[in-house]
1. Which listed residue (Gln111, Leu25, Ala121) has the Cα farthest towards the positive end of the charge dipole for the chain, taking +1 on Lys and Arg C-beta and -1 on Asp and Glu C-beta about the Cα centre?
2. In debye, nearest 20, what is the charge dipole magnitude of segment 1-158 about its Cα centre with +1 on Lys and Arg Cβ and -1 on Asp and Glu Cβ, if you could check?
3. Sorting check: for 45-56, 136-147, 2-13, which peptide has the highest mean count of neighbouring beta carbons within 10 Å, and how do the rest follow?
4. Which of the lysines could a cross-linker bridge to Lys92, judged by Cα under 24 Å and excluding same-chain residues fewer than eight apart?
5. Greater than 27 Å separation of Cα atoms is the criterion. Which listed pairs, Lys67/Lys152; Lys88/Lys114; Lys114/Lys139; Lys5/Lys136, meet it?
6. Report, by chain and number, residues whose modeled amide H sits under 5 Å from the one on Gly129, excluding near sequence neighbours (fewer than 5 apart, same chain).
7. Just the number please: accessible area per residue for the chain, 1.4 Å probe, all protein chains included, in Å².
8. Which value at 222 nm does the chain reach when only helices count, each DSSP H run of 4 or more adding -39,500 (n - 2.57), with the total divided by all residues and rounded to the nearest 500 deg cm²/dmol?
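The values are calculated or read from the model by the stated rules, or taken from the named source; none is laboratory data. Computed from a prediction, not measured in an experiment: that's the story for all the values here. Here Cβ is always computed from backbone atoms with ideal geometry, including for glycine, and neighbour counts include all displayed protein chains. Areas reflect the complete protein model, heavy atoms only, side chains present, ligands, DNA and RNA absent. Shrake-Rupley method; radii C 1.70, N 1.55, O 1.52, S 1.80 Å.
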Amino acid sequence: RIPGKNELDIFNVIDEAGSIFINGLSTALSNARKYACGTVLCCQSTNQISSLYKDEAVNIISNCLTKLYMGGQTSLETLREIEALSGKTVYKDKKGVERQRQLITVDEIRQLPKNRSLILADNHPMIKGRTSPYYKSAKYKAYCKIPAIDMKGDIPDGPIKLITDCVPAQQTDKEVTA
């Protein structure tokens, strides 16, 4: 069922997304946002998504508007894509002549330190971020000590239908909320 306007947003985190095949993921990602449903796909490389989802991979990757790249990228294809998407910068050389270069090169991306990340968010300029393990932060370490919520009775035993399985294609938003 599609959430109503007064219901809380839904947020999914799918870890190791490059090793789990989810039927209809491409359609779910492209439609879920309009129903206040966000998704984070975590994978080692977009090549994993490409090899698992074949033709649908391009749609899945393009539906992820924000991409976070950690240090240790080794795929030349991914490195070149990050370089191209980062844009160019103008600088003056030692003689004062203006030159143009990539904002970040394949070499610089490949050698990114472990405490740095690159964030590509939609059509915004690239962000060079800092990262640190959760266990080095007292705040996040404390969150890990919160006991898990006991889930009783609300979780179905079988598969959960996707949004696309619940609403016929010809049905309008007004008919769904009625």
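1. Gln111
2. Working: 23 positive and 17 negative charges, 197 e Å.
It comes to approximately 940 debye.
3. In decreasing order of mean packing, 45-56, 136-147, 2-13 become 45-56, 2-13, 136-147.
4. Lys128
5. In this structure, Lys67/Lys152; Lys5/Lys136 exceed 27 Å between Cα atoms.
6. Sorted by chain and number, the residues that satisfy this are Ser117, Leu118, Ile119.
7. Working: 13590 Å² over 178 residues.
I get 76 Å² per residue for this part.
8. -7000 deg cm²/dmol
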